[in-house]
Amino acid sequence: MTDIGFYHLTTSPLERALPRLLEKILEGHKRAVILCASQERLDFLNNALWTMGKASFIPHGSTKEGSPEDQPIWLTLQDENPNGAQFLIQTDGVTSPSLSTYERCLDLFDGNDEDAVAQARQRWTDYKNQGHTVTYWKQTPSGTWGKGA
């Protein structure tokens, strides 16, 4: 089973919170797939990752850039893992039927959107019922993460 962390965004939007999480993944010499709900979101995150990291760049790619095997971070609309990622990042409520093929999943959701929160609660219940280990993380006012109960 996969360890699934729910990340409740409350103080900063996805495009500002995501680079910090990706930097941690890269520091651990791991790879990630970011599953996006729409081409617009994928393009937006693709552009944001050029300028939002510590060093102003998070190495990443998508089908536009190609060569997924060379990309430590892969943005996609498909349920795929072409870069051999250990981490799956689900955005905007999308889910992957291949969840169990990853070591860890990060499910990021907008805490200021009541529908997104309700959908995250349902995913939490579903994942627990499937036997996955689930944890809850909420943004602090400073934008860091605090583990919830």
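Extension gain for Asp126-Thr11 works out to 38.8 nm (0.36 nm per residue, less the C-alpha to C-alpha distance).
Proximity of backbone amide H atoms, modeled 1.01 Å from N, is registered between Asp107 and Gly5, Phe6, Tyr7, Gln90 at under 5 Å, excluding neighbours fewer than 5 places apart on the same chain. Modelled this way, with points 7 Å down the Cα-to-C-beta line, the labels at Val94 and Ser142 are 3.3 nm from one another. What you get for the chain, charging only the Cβ of Lys and Arg (+1) and of Asp and Glu (-1), is a dipole of about 540 debye around the Cα centre. For the chain, adding -39500 (n - 2.57) for each run of n ≥ 4 DSSP H residues and dividing by the number of residues yields -8500 deg cm²/dmol at 222 nm.
Here the Karplus relation 6.51 cos²θ - 1.76 cosθ + 1.60, evaluated at θ = phi - 60°, turns the backbone of region 130-143 into coupling constants of 7, x, 6, 8, 10, 10, 10, 10, 10, 5, 8, x, 7, x Hz, with x for every Gly and Pro. From the residues Thr63, Thr2, Thr140, which one has its Cα farthest along the dipole of the chain in the positive direction, the dipole being from +1 and -1 charges on Cβ of Lys/Arg and Asp/Glu about the Cα centre? Selected residue: Thr140. Built from the Cα atoms of region 1-125, the convex hull projects on average onto 7.2 nm², one quarter of its surface area. Using a cutoff of 8 angstrom between alpha carbon atoms and counting only pairs six or more residues apart, the relative contact order for region 3-147 works out to 35 percent.
Residues whose amide H lies under 5 Å from that of Ile34, counting only those 5 or more places away or on a different chain, are Trp74, Leu75, Thr76, Ile89; hydrogens are built 1.01 Å from N in the peptide plane. A simple packing score, the average count of other Cβ atoms within 10 Å per residue, orders the peptides 115-121, 90-96 as 90-96, 115-121, with the highest score first. Sequentially through region 10-20, phi angles give Karplus couplings (6.51, -1.76, 1.60; θ = phi - 60°) of 10, 10, 9, x, 3, 5, 8, 7, 4, x, 4 Hz, Gly and Pro residues having no value and appearing as x.
Working note: Karplus 6.51/-1.76/1.60 with θ = phi - 60° gives region 68-85 the couplings x, 5, 8, 9, x, 10, 10, 9, 8, 9, 9, 7, 8, 9, x, 10, x, 6 Hz, where Gly and Pro are set to x. DSSP bridge analysis restricted to the chain gives an antiparallel fraction near 10%, rounded to the nearest 5.
Here, each number is a calculation from the coordinates, and none is a lab measurement. Please read these numbers as outputs of a predicted model, since none were measured by experiment. FYI the Cβ positions are ideal-geometry reconstructions off the backbone, even for glycines, and counts take in every protein chain you see.
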